[in-house]
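K.L.:
Below you'll find the structure I mean.
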Amino acid sequence: MSTPASTAGSSMQGQLLFNLLPALYRLRDTQIAQSTNLLTPAETTQLQALQALTPPLTTVQQQQLDQLLAKAARGPLQSLLMLIEEQLAIVAEDLNQRYDDLFIETCADWVIPYIGDLIGYQTINNIAAAVDSPRAEVANTISFRRRKGTVLVMEQLARDATGWGAHAVEFFEVLAWTQCVRNHLRLQNFYAPNLRRWEVREYMDSGFDRTAHTVDVRRIAIERGRYNIQNIGIFLWSLNAYSLTLAPATPVSGNPQCFRFSSLGIDMPLFNNPIALPPDTTTLAQPANVPDRLRRRVLCKDIWDITKKNAAPVYYAPDLSLALYVNGSLQDPSKIGVCDLSGKDGSWINMPKSGGLIAIDPQLGRIALPPGGSANPSVSATYYYGFNAEMGGGEYPRESTFTASPEQVVVRVPGDYTTIHEALAALPGDGVVEVTDSAIYNEPSGLTINVTANGHIELRGADGSRPTLTLGGEITVTGGAEGAFDLNGFVISYLSPSTGATPPAALLYTPAGSANQLVHLGITHCTLVPGWALQPNGTPQTAYAGLPTVLVESSGLALVVQNSILGGLWINGQSSATLTNCIVDAADPTLVAYVAGFDSATKRPLPGGALTLQGCTVIGKVYASLLSLVTDSIIWSELTTADETGTPPLWSASLWAARQQQGCVRFSYLPTGAIVPKQFECVEQGADEPAPIFYSLRYGDPGYAKLVPSTDSSIREGADDGGEMGAFHFVLAPLREADLSIRMQEYMPVGLEFGIFYQN
C-alpha cells in the first residue's frame, strides 16, 4: 500500500535528531512504543474503525490510517524530538526567507516597497498592463538603472507606463546649426531638407521628423516649445489599432468597381498594426512600431519593396496591417496599386483602367477594381481600424462578458445555420446564437425574439469576431415571466428596404403588453449606429434624425448597457436603464438622447425610467423620472428656441430629472440650468466655465468622443479617481500620463526637460 507524500513527509519529522541518538536509547524508545498504547481512547477507536474497513480506502481515510499507525509506532522520546525539530524547521525556514528577501525575484510581498525605496523607486498608479505588478516594476527599475539617462530607456518607460505606442526624440539632434568638420559631425542632418525624398514631408512635425529646425526657446515642460538642446520629446499614440479579419468590403451604390473597407459604407482611415519591440531592444521605435494611420506613400513603398526588391513585407500581408482578397483569393502585392481615390461617389479620381492594378486608398478606406473582371466580385480584407478603447464591439477579447450558462444550447452562424433569423427560430426560447465571423448579415424584415418564462437568449458575436447586422426592420424582443435577452459584440445599422418606406419604431424594440414580461435587456460591446445609418462621409442620415435606437415600451424592464455606442434611448417610465462606459449619441446636442416618449397632444417630453450613468458621454437632451446615479460622465446637450417656447416650455432644461429628492450627480459635466438631484464636485456649462473639447463627435472617426489633452483639468482629471469624465474614463489616460511623468523625472538627466506630445 503506497503512502501519500504528505504522510511520508510528516513521518520523517523527528528522524534527523532521533537518528543522532545512541542505538541503546532508540531501541529502548521502540520497546516502550511496542509495549504501551500511546494513543488516546478516541484515537484507538478511530484506528480500529479504519482497520475494519474494506479496502480500497479513500485518500482521506488512508491518510488518517497512516498517521495513526505512525503515532502508535513512535516512542515518547521520538515524539519529543519531533516537536523540537518542528521548531528548528521554522527557524530554518525563517533564515531561508531572510536570504530570499535580499532579491526582488524571491522576496516576500511586504519587502517589495523596501527594496524599491532602497533604489529610489517611486510608486505609480499601475494602470498599464506592463506595470501592473509592483514586483516586476521594481525589478525593471533595477535593470533600467544601468541605462539611466539614455533615450532608449525613456522610450521604453513611455511604452510601459502608458501602454501606448511611444517614441522618444532628443531634439538637439534635429537642430539647425553650423557643424564642426573635425568634431561632432552629423552627415544626415541637413540644414535644408532633401526634397528628393518623400519621407521628409510625410513625417514633418511628427515624432519621426528628421528635418532641421531653428532653436525654440519656449519651455517644453508646458508643451509650448520643442527644439532646443536640453529638450526631450515623448511622442504618444494613444489610439489603438483593432483588427477586422476577412471582413467583407461594402460595394458603392451604382458602381460595381468601387468598394469601401467599412462595413457601414463610410470613409475611414486604415491603421497600422504595430510591430512590438522586444524589451531589450537597442533601436528606437520606427513608424511600423506605433499604431498610426496607414499612409498612402508608406504602403506604396512597402508594396514596391516587396515586388521590386523582394524585401520582407512590413505592412501588406495577412498577419500584418492589410491583406486584400477578391473572390476569396489573396491578392499578390504585384496586383496592388496605392493611390488617392478621393472624390464623390461616381467620380473617384485615379480609377484603374482595364487590365490595370487594384487601387487602394488607405487614408480614405477605399478600393477600386479594374473594369473587365468578374461580375459582382466578392471583395474582403483583413485590416485594422483606429479607436480609443475596447468599446462598441470588436475582435478584442470579450468572452468574460458572455452571460449564457454552459448548459445552454449554442447554435452557430455560419455553421449550423446560414442566417441569424434561422438560428433564432431553431431555439426553443432559450439558448445562444453565436456568429463566428466578421461578416455582414442582412435581415430585411428585422428579427423577432421571444424568450420563454425564466428563459435566457444571448445573441452574440464569438470571441475574436465583429459581425455587422444590417436591418430592414426592428429587432423585436418579448419574453415570459423572468425572461432575459442579451446582445453582445454586434454593429447594428439600418438599411431602408425602399424609398419612402416607413421606418420602424427603433432598431431594438420591446413592445408593451401583458404578454411581454421580459425583465432584463442587456447590451454589451455593441454599436447601435447613432442616426441609424450613415452617409459615405460619416454624417448620419437625416431621414432618421431624432428616432431612438432602443425603444422600451414594456414596464418593469431593466436595461443594462456596457461598453457600447448607442443612439437615442426611449425608456418606459416604469423601467430603468443602467449604462456603464457608454456613448449615447443622438447625433446632435439639440436632439433627444433619453426620454420615455412625447405627449401626443402637447408634444411635451415624458420622463424616461430611472437612469444610471457611470463613465458615460451623452450627446443630446435627457429627461428622466429619476437620476439614480450620474458619476464621471459628460452630458453634452443644449436647448433650442422651439424647446423654450410655449407656456409652459416644452423642455425645462436639457438635463432634467422629474424627481430631485432622490439620486445623486457627482464628478460630472452638466449643461446650463440642469435640473438634477444633489450635486457634488460637478462642472456646469457657463460662459466663463471650462468645457470638454472633443477630437470629433462624428461616429466613425478614430477620435470619436475622445477628449483633447488640452481640455481643462477640472474635466479631464475631474472624475472621482483623478481620471477623465466621459465614456473613456475607464482608460484612465490622465493617470497614465502621471505615471509617465513620475518615471521620466526619475530617469531624466540633470539639466534636461521633457514634454509629452500626442500624435493621434
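K.L.:
Considering only strands (runs of 3 or more DSSP E) fully contained in segment 584-645, which possess at least 3 residues that are of a type in the set (Ser, Thr, Tyr)?
P.N.:
Values: elements: 592-595, 610-614, 617-619, 621-631, 634-636.
It comes to 621-631.
K.L.:
Scan segment 342-357 residue by residue and report those that are under 10 Å from residue 258 (Cα atoms) and either exposed (fewer than 14 other Cβ atoms within 10 Å of the Cβ) or not acidic (Asp, Glu) (or both). Write out each step before concluding.
P.N.:
Initial filter on segment 342-357 (under 10 Å from residue 258 (Cα atoms)): 345-346, 348, 351.
Within segment 342-357, 346, 348, 351 meet the criteria.
K.L.:
I've got another one for you. Restricted to segment 616-645, and to residues that are among the β-branched types (Val, Ile, Thr) and in contact with a strand residue (DSSP E or B) (Cβ under 9 Å, 6 or more places away or on another chain), which residue is surrounded by the fewest Cβ atoms within 10 Å (Cβ to Cβ)?
P.N.:
So in segment 616-645, the residues among the β-branched types (Val, Ile, Thr) come out as 617-619, 622, 630-631, 634-635, 640-641, 645.
Checking which are in contact with a strand residue (DSSP E or B) (Cβ under 9 Å, 6 or more places away or on another chain) leaves us with 617-619, 622, 630-631, 634-635.
On the way: 617: 28, 618: 32, 619: 25, 622: 30, 630: 30, 631: 21, 634: 29, 635: 29.
Selected residue: 631.
K.L.:
While we're here: Looking at (1) assigned to a loop (DSSP other than H, G, I, E, B); (2) within 30 Å of residue 602 (Cα to Cα); (3) in contact with a Phe, Trp or Tyr (Cβ under 9 Å, 6 or more places away or on another chain), which is the only condition residue 709 fails?
P.N.:
(2)
K.L.:
Could you tell me which of the residues 242, 227 is touching a Ser or Thr at 6+ places or on another chain (Cβ under 9 Å), modelled with pLDDT of 85 or more and buried (at least 19 other Cβ atoms within 10 Å of the Cβ)?
P.N.:
On the way: 242 fails: touching a Ser or Thr at 6+ places or on another chain (Cβ under 9 Å).
Being touching a Ser or Thr at 6+ places or on another chain (Cβ under 9 Å), modelled with pLDDT of 85 or more and buried (at least 19 other Cβ atoms within 10 Å of the Cβ) holds for just one of 242, 227, which is 227.
K.L.:
Among the residues in segment 437-446, are any surrounded by 15 or more Cβ atoms within 10 Å (Cβ to Cβ), closer than 16 Å to residue 492 by Cα, touching a Pro at 6+ places or on another chain (Cβ under 9 Å) and polar (S, T, N, Q)?
P.N.:
Yes.
K.L.:
Run residue 738 past the list (1) over 17 Å from the mean Cα position of the chain (by Cα); (2) modelled with pLDDT of 95 or more and report the number of the one that doesn't hold.
P.N.:
Going through (1) over 17 Å from the mean Cα position of the chain (by Cα); (2) modelled with pLDDT of 95 or more one by one, residue 738 breaks only (2).
K.L.:
Separate question: Here is a check on your reading of the model: is residue 487 of a type in the set (A, V, I, L, M), in a strand (DSSP E or B), under 25 Å from residue 410 (Cβ atoms) and in contact with a Lys or Arg (Cβ under 9 Å, 6 or more places away or on another chain)?
P.N.:
Working: of a type in the set (A, V, I, L, M): yes; in a strand (DSSP E or B): yes; under 25 Å from residue 410 (Cβ atoms): yes; in contact with a Lys or Arg (Cβ under 9 Å, 6 or more places away or on another chain): yes.
It is true that residue 487 is of a type in the set (A, V, I, L, M), in a strand (DSSP E or B), under 25 Å from residue 410 (Cβ atoms) and in contact with a Lys or Arg (Cβ under 9 Å, 6 or more places away or on another chain).
K.L.:
Identify all residues within segment 543-601 that are on the phi < 0 side of the Ramachandran plot and in contact with a helix residue (DSSP H, G or I) (Cβ under 9 Å, 6 or more places away or on another chain); write none if there are none.
P.N.:
Let us first name the residues in segment 543-601 that are on the phi < 0 side of the Ramachandran plot, namely 543-545, 547-555, 557-562, 564-580, 582-586, 588-596, 598-601.
Those that are on the phi < 0 side of the Ramachandran plot and in contact with a helix residue (DSSP H, G or I) (Cβ under 9 Å, 6 or more places away or on another chain): 562, 567, 580, 590.
K.L.:
Here's a follow-up. Return the residues of segment 490-502 that are at pLDDT 95 or above and in a loop (DSSP other than H, G, I, E, B); say none if nothing qualifies.
P.N.:
Result: 490, single match.
K.L.:
Please indicate, with yes or no, whether at least one residue in segment 179-193 is in the same structural domain as residue 233 (by TED's automatic domain parsing) and either in contact (Cβ under 8 Å) with a residue 24 or more places away in the chain or touching a His at 6+ places or on another chain (Cβ under 8 Å) (or both). Quick ask: steps written out before the conclusion?
P.N.:
Pass one, segment 179-193, residues in the same structural domain as residue 233 (by TED's automatic domain parsing): 179-193.
Now drop any that are not either in contact (Cβ under 8 Å) with a residue 24 or more places away in the chain or touching a His at 6+ places or on another chain (Cβ under 8 Å) (or both), which leaves none.
Checked against the condition, which is being in the same structural domain as residue 233 (by TED's automatic domain parsing) and either in contact (Cβ under 8 Å) with a residue 24 or more places away in the chain or touching a His at 6+ places or on another chain (Cβ under 8 Å) (or both), segment 179-193 yields no hits at all.
K.L.:
Right, next: Here are some residues: 723, 751, 755, 718. Which one is of a type outside the set (Asp, Glu) and outside any loop (DSSP other than H, G, I, E, B)? Spell out how you get there, then give the answer.
P.N.:
Values: 723 fails: outside any loop (DSSP other than H, G, I, E, B); 751 fails: outside any loop (DSSP other than H, G, I, E, B); 718 fails: outside any loop (DSSP other than H, G, I, E, B).
After applying the criteria, what remains is 755.
K.L.:
Report yes if some residue within segment 21-28 is closer than 30 Å to residue 138 by Cα and not hydrophobic (A, V, I, L, M, F, W, C); otherwise report no. Write out each step before concluding.
P.N.:
Step one: filter segment 21-28 for residues closer than 30 Å to residue 138 by Cα, giving none.
No, segment 21-28 has no match at all.
K.L.:
Could you check how many residues of segment 552-583 are under 17 Å from residue 607 (Cα atoms), touching a residue at least 60 places away in the same chain (Cβ under 8 Å) and in a strand (DSSP E or B)?
P.N.:
Number satisfying all stated conditions: 1.
K.L.:
Turning to a different aspect of this structure: Please report, ordered by residue number, the strands (runs of 3 or more DSSP E) entirely within segment 332-443 with at least 2 residues that are among the small types (Gly, Ala, Ser). So that I can check it myself, show each step before the final result.
P.N.:
On the way: elements: 336-338, 358-361, 366-368, 379-387, 410-413, 431-435, 440-443.
Counting at least 2 such residues, we get 379-387.
K.L.:
I'm trying to understand the selection: among the residues of segment 520-554, which are among the hydroxyl-bearing types (Ser, Thr, Tyr) and more than 26 Å from residue 253 (Cβ to Cβ)?
P.N.:
Going through segment 520-554, the residues among the hydroxyl-bearing types (Ser, Thr, Tyr) turn out to be 524, 527, 539, 542, 544, 549, 554.
Those that are among the hydroxyl-bearing types (Ser, Thr, Tyr) and more than 26 Å from residue 253 (Cβ to Cβ): 524, 554.
K.L.:
Something else about it: Which is crowded, with 20+ Cβ neighbours inside 10 Å, within 28 Å of the chain's Cα centre (by Cα) and either outside the structural domain of residue 216 (by TED's automatic domain parsing) or farther than 26 Å from residue 627 by Cα (or both), of 674, 727?
P.N.:
727
K.L.:
Could you say whether any residue in segment 646-658 is more than 19 Å from residue 546 (Cα to Cα), surrounded by 20 or more Cβ atoms within 10 Å (Cβ to Cβ) and over 22 Å from the mean Cα position of the chain (by Cα)?
P.N.:
Looking through segment 646-658, at least one residue is more than 19 Å from residue 546 (Cα to Cα), surrounded by 20 or more Cβ atoms within 10 Å (Cβ to Cβ) and over 22 Å from the mean Cα position of the chain (by Cα).
K.L.:
With respect to residue 9, is the statement that it is at pLDDT below 85, surrounded by 14 or more Cβ atoms within 10 Å (Cβ to Cβ) and not aliphatic (A, V, I, L, M) true?
P.N.:
Values: at pLDDT below 85: yes; surrounded by 14 or more Cβ atoms within 10 Å (Cβ to Cβ): no; not aliphatic (A, V, I, L, M): yes.
In short, no.
K.L.:
Further question on the same structure: For segment 174-213, give me each residue that is among the acidic types (Asp, Glu), surrounded by 13 or more Cβ atoms within 10 Å (Cβ to Cβ) and either under 18 Å from residue 228 (Cα atoms) or modelled with pLDDT of 85 or more (or both).
P.N.:
Filtering segment 174-213 for residues among the acidic types (Asp, Glu) gives 199, 202, 205, 209.
Adding the requirement that they be surrounded by 13 or more Cβ atoms within 10 Å (Cβ to Cβ) leaves 199, 202, 209.
Residues satisfying the conditions are 202, 209.
K.L.:
Considering only residues that are under 21 Å from residue 171 (Cβ atoms), assigned to a strand (DSSP E or B) and touching an Asp or Glu at 6+ places or on another chain (Cβ under 7 Å), which ones fall in segment 228-258?
P.N.:
Selection gives 231, 232, 237.
K.L.:
Name the pairs: first residue in segment 134-154 and assigned by TED's automatic domain parsing to the domain that holds residue 116, second residue polar (S, T, N, Q) and assigned to a helix (DSSP H, G or I), Cβ to Cβ under 8 Å, at least 6 apart or on different chains?
P.N.:
Pairs that qualify, where the first residue is assigned by TED's automatic domain parsing to the domain that holds residue 116 and the partner is polar (S, T, N, Q) and assigned to a helix (DSSP H, G or I), are 144/156.
K.L.:
Next up: In the set 693, 742, which member is of a type outside the set (Ser, Thr, Tyr) and touching a residue at least 40 places away in the same chain (Cβ under 8 Å)? Before you say what the answer is, go through the steps one by one.
P.N.:
Values: 693 fails: touching a residue at least 40 places away in the same chain (Cβ under 8 Å).
Going through 693, 742 in turn, just one is of a type outside the set (Ser, Thr, Tyr) and touching a residue at least 40 places away in the same chain (Cβ under 8 Å): 742.
K.L.:
Which condition does residue 216 not pass, out of (1) touching a helix residue (DSSP H, G or I) at 6+ places or on another chain (Cβ under 9 Å); (2) part of a loop (DSSP other than H, G, I, E, B); (3) within 21 Å of residue 284 (Cβ to Cβ); (4) at pLDDT 85 or above, if it passes all the others?
P.N.:
(3)
The values are calculated or read from the model by the stated rules, or taken from the named source; none is laboratory data. Nothing here was measured: the structure is a model prediction, and the numbers come from that model. A quick note on method: Cβ atoms are made from the backbone with ideal geometry, for glycine too, and the neighbour counts reach across all protein chains shown.
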